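A short reminder: the numbers here are calculations on the coordinates, not readings from a lab. Computed from a predicted structure; not experimentally measured. For neighbour counting, all protein chains shown are included, and Cβ atoms are generated from backbone atoms with ideal geometry for every residue, glycine included.
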Amino acid sequence: MPKARSQMDRETPSGDARKSAHGFRGDGAAILMQFLKNGPMKDLAALIEDGPADIIEVTALSESISEMLSGLSLYQTHPYHTATPAARCLWRKGSSRLLAYEGSGPPVLVVPSMINRASIMDLTPTLSRMRWLARNGFRPYLFDWGAPGPAEAWFEIGDYLEKRLQPALSAILRESGGPVHLIGYCMGGPIALALGTRQSADIGKIVTLGTPWDFSHFPEHARFQANQKALEASLMTMGGLFGAIPPQVTHSFFALRNLESGAKKFQRFAHMDPASEAARRFIAVEDWLNNGVPVPMPVAKECFSGWLVDNGLMTGEWRIKGAPLDLSALTSPMMVVVGQRDSVVPPASALPLGKAVPHARLLEPPGGHIGIILAPDADEPVWHPVRDFLMENQR
C-alpha cells in the first residue's frame, strides 16, 4: 500500500505571480515605454513640430498611446492573481522537482524550457495542460527545473540531464513503470531528445512542441555570429556579477524582436471586460512571462553561443558531456509540432527537426509559441492529434 501523503507533499509549479512590496506587477512596463518613446510618442512629437498637424492623425496617435497606457494600468491594478493548483511532488533534488498529476494510463513526462518557468503547463485549474493530459487517459509528470541554487550555479545542460532529469525519470519508472512518453516544449525539446537517445529502452514516444533546431533562421543569428566574443564576454560578466543570467536578459531577447506586438497587447487588454475569462487568461500568461527564472551561465552560453551562433543542433556539433546528440539513435516514434504563427521559434527554425528524424510525423497547427499550449482553441489542432499519437498501439 502506498504511504499516506501529507499536505506538505503537494506543491505548486514554481512561478506563481506575486506583486512586489510596493504593488508593481511584474515587468512589461519597460518594454511598453520603450516602444512608446521610440514609436508613437516620437511620431506625435514630429507631427506637432512640423507645423499645422493633421488633426485626424494626431487624434489617432493620441488615442493609441492612451489605450496602451490604460491597458498597462489595468493590468497593474487588476485584483486577479494566478492561483496555480497544487500537485504531488514525487521527487526533488537541488532546485529541481518532479510533480505528479493523478491520472491513469501510460506515463508522460513533460520537459519544459529551462529559461521560463514550468508553470506554463499548469497555470490555473482551467489553463493546465497537465490536468488536460490527466483527463485524457495519461498519468502525467511535470519536470520543474527550478531557479538554480548553489548546487546548479555552474551546471551545463548535460549536468541537468545526468543529475536531475535522468534521476527524475527513474522515479517515474519506479512508480508507474514504463515505457514513459516524453513531451518537450521549446528548449525542453532537444533535452528530451537527448534523454530519449540515452534511455531508449525506457522511452515510449516523443513529442516536441515549438522546438528550435536550425538557428540560422533566428533573426539574431547573423548579428550574434559577428559579435560572438562580445556576447560570450557579456554572459560571463553577468554570471560573475549575479551568479546566473537574470531572467530579464532572456525576456528582453525575445521581446525586443517586436516591441510593437508587445505593446499592442496592452491596447487590446484595455478593451477587455475586466471580469471576463479572457482578461484572467491575459493576466495569467502575462504574469508568467514577467516572472522568469535565472539561468546558469554555462547553460546560457550553450544556448546563445553553441546553439544560436554556432547552430550546433543543426550541424550536430552540440555535445552533451562530450557526446554528440545522435538522432540516428532514436528508436522512439516521434511527432514534431510547429506553430505556423510562432514568433519565438520561427517555423523555419523548427521544421528541419522533422527532416532530421526521418520517421517523425509533422504537425503544423495555426498557433503561436504560447498559443499551441494554452490557446482556447488549441485542443482540436494540437492536443487531440498529440493525444491520439501517444495512444496509438497501446496495449
Inset, instruction - Would you be so kind as to identify which of Ala151, Ser113, Thr126 lies farthest towards the positive end of the dipole of the range 106-179, taking Lys and Arg as +1 and Asp and Glu as -1 on Cβ and the Cα centre as origin? - result: Thr126
Inset, instruction - Compare the peptides 350-360, 183-193, 72-82, 116-126 by average per-residue count of other Cβ atoms within 10 angstrom and give them in order, highest first. - result: 183-193, 116-126, 350-360, 72-82
Inset, instruction - Work out, step by step, the length gained on full extension between Ala83 and Gln248: first 0.36 nm times the residue separation, then minus their alpha carbon distance; give nm to one decimal. - result: 57.1 nm
Inset, instruction - Check each of the trypsin sites (Lys or Arg not before Pro) in the range 153-221 and keep only those in coil by DSSP with at most 12 other C-beta atoms within 10 angstrom; list them in order. - result: none
Legend entry - Local net charge near Val293, Cβ-Cβ under 12 Å (Lys/Arg +1, Asp/Glu -1): -1
Legend entry - Modelled FRET efficiency - R0 35 Å, Gln225 with Asp377, Cβ distances, 0.05 increments: 0.40
Legend entry - Spin-label zone in the range 234-274 - amide nitrogen under 13 Å from a point set 7 Å from the Cα of Trp154 along the C-beta vector: 240
Inset, instruction - Mind putting a number on the dipole of the range 168-265 about its Cα centre? Charges go on the C-beta only, +1 for Lys and Arg and -1 for Asp and Glu, and I need it in Debye to the nearest 20. - result: 140 debye
Legend entry - Euclidean distance of C-alpha centroids, the range 145-173 and the range 298-363, integer Å: 20 Å
Legend entry - Entries in Lys93/Lys265; Lys163/Lys265; Lys205/Lys265; Lys205/Lys355; Lys205/Lys321 that, when Cα-Cα distance is taken, lie over 28 Å: Lys93/Lys265; Lys163/Lys265; Lys205/Lys265
Inset, instruction - Kindly state, to the nearest 0.05, the FRET efficiency for Ser328 paired with Thr59, given R0 = 51 Å and r defined as their beta-carbon distance. - result: 0.25
